[in-house]
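Reviewing the structure listed below.
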Amino acid sequence: MNSVNELVVAPNSTVREVVAEDFRTAAIFQKYGLDFCCGGGATIERSCQKKGVNADLLIAELRGVMEGRSAEEPRFNQWSVDLLINYILQNHHSYIRSVLPTILGHAEKVARVHGGANPSLVEVAEKFRGIAEDMTSHIAKEERILFPYIQYLSQVDSAEKEIQAPSFGSVQNPIQMMEVEHQLAGDEMEEMRRLTNNYTPPAEACTTYRVLFQELQEFEQDLHRHIHLENNILFPKAIQLEQSIQREDEVTRSESVV
Ligand SMILES: [Fe+2]
Ligand SMILES: [Fe+2]
């Protein structure tokens, strides 16, 4: 069933490479409580051992989903860094900017009206305010520093120019910083899931209360997908790009010395 570029899932495949190959597998990892976006570097075997999940069953399920893949689904792993960056900006950064004020408004309203009877709603509003501030600053850092540098790497690569070292040394430094922030955001949303009882409103909840929980759940899903595209696809490609340009530069320099 597999062409040369497709992955056959095995116990030693990393969660990251499986999700990078086919994002629909993320829902399966999520169902078993396995971290696919921040802790994606672990092998399937290791992640299953950690969570007490049967690896054979999981692999069978993953293969089932991957076999039923349609040709229209985007193969992000095969996209260029420029295309990935544009996609992330247009789909995820713009989504964050557009929904933050609405969700925050709903969280504050629900906390004000129902927080007396249910104090966890006050915590939900406070936590979301923190997440909103962190995410706003996070995406601004990516847009001002990291993404332009990755786009620069791509231009240097196609023009076969020599690389001008950035003030932060290597692309790996801002990437590491962004990955730490991804982990923190993921942890915060996990806490949000706990506070909201898996985004399940009580039977008597009013419409705004229900809408808020739905918005929070969508926000978390979008965040997972966004982090996955950066941690598992864009960042490894950027590191590889920088290393290959540096290797080329070294070869050119050594040839010019001879
Ligand atoms: Fe981002
Ligand atoms: Fe990010």
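Nothing in this text is a laboratory measurement; each read-out follows from the coordinates by a stated rule. Since we're looking at a predicted model, the values are computed, not measured. All Cβ positions, glycine included, derive from the backbone under ideal geometry; neighbour counts span all protein chains shown.
Miscellaneous remarks
- Of the residues making up region 183-198, those that are touching a residue at least 24 places away in the same chain (Cβ under 8 Å) and away from ligand 1 (no atom under 16 Å from the Cβ) number 5.
- Lone qualifier among ILE175, ILE150, ILE227 - being in contact with a Cys (Cβ under 7 Å, 6 or more places away or on another chain) and surrounded by 13 or more Cβ atoms within 10 Å (Cβ to Cβ): ILE227
- Qualifying residue in region 234-252 (condition: touching a Lys or Arg at 6+ places or on another chain (Cβ under 7 Å) and assigned to a helix (DSSP H, G or I)): no
- Residue selected from region 188-245 under the condition over 30 Å from GLN164 (Cβ atoms) and aromatic (Phe, Trp, Tyr), by the criterion nearest to ligand 2 (Cβ to nearest atom): PHE219
- Test for VAL15: is it over 30 Å from TYR152 (Cβ atoms) and in contact with a Lys or Arg (Cβ under 6 Å, 6 or more places away or on another chain): no
- Taking the conditions (1) in contact with a helix residue (DSSP H, G or I) (Cβ under 6 Å, 6 or more places away or on another chain); (2) within 30 Å of VAL8 (Cβ to Cβ); (3) assigned to a helix (DSSP H, G or I) in turn, VAL122 satisfies each one other than (2).
- Single residue of region 134-182 satisfying the filter (outside any helix (DSSP H, G or I) and among the small types (Gly, Ala, Ser)) that is farthest from ligand 1 (Cβ to nearest atom): ALA165
- Out of ARG247, ARG210, ARG225, one residue alone is free of Cβ contacts under 8 Å to residues at least 60 places away in the same chain, within 27 Å of ILE28 (Cα to Cα) and either within 16 Å of ligand 1 (Cβ to nearest atom) or not hydrophobic (A, V, I, L, M, F, W, C) (or both). It is ARG210.
- Every listed requirement among (1) exposed (fewer than 14 other Cβ atoms within 10 Å of the Cβ); (2) in contact (Cβ under 8 Å) with a residue 40 or more places away in the chain is met by ALA107 save one, (1).
- Only one entry of ASP82, ASP35 meets the criterion of being among the charged types (D, E, K, R) and surrounded by 15 or more Cβ atoms within 10 Å (Cβ to Cβ), and that entry is ASP35.
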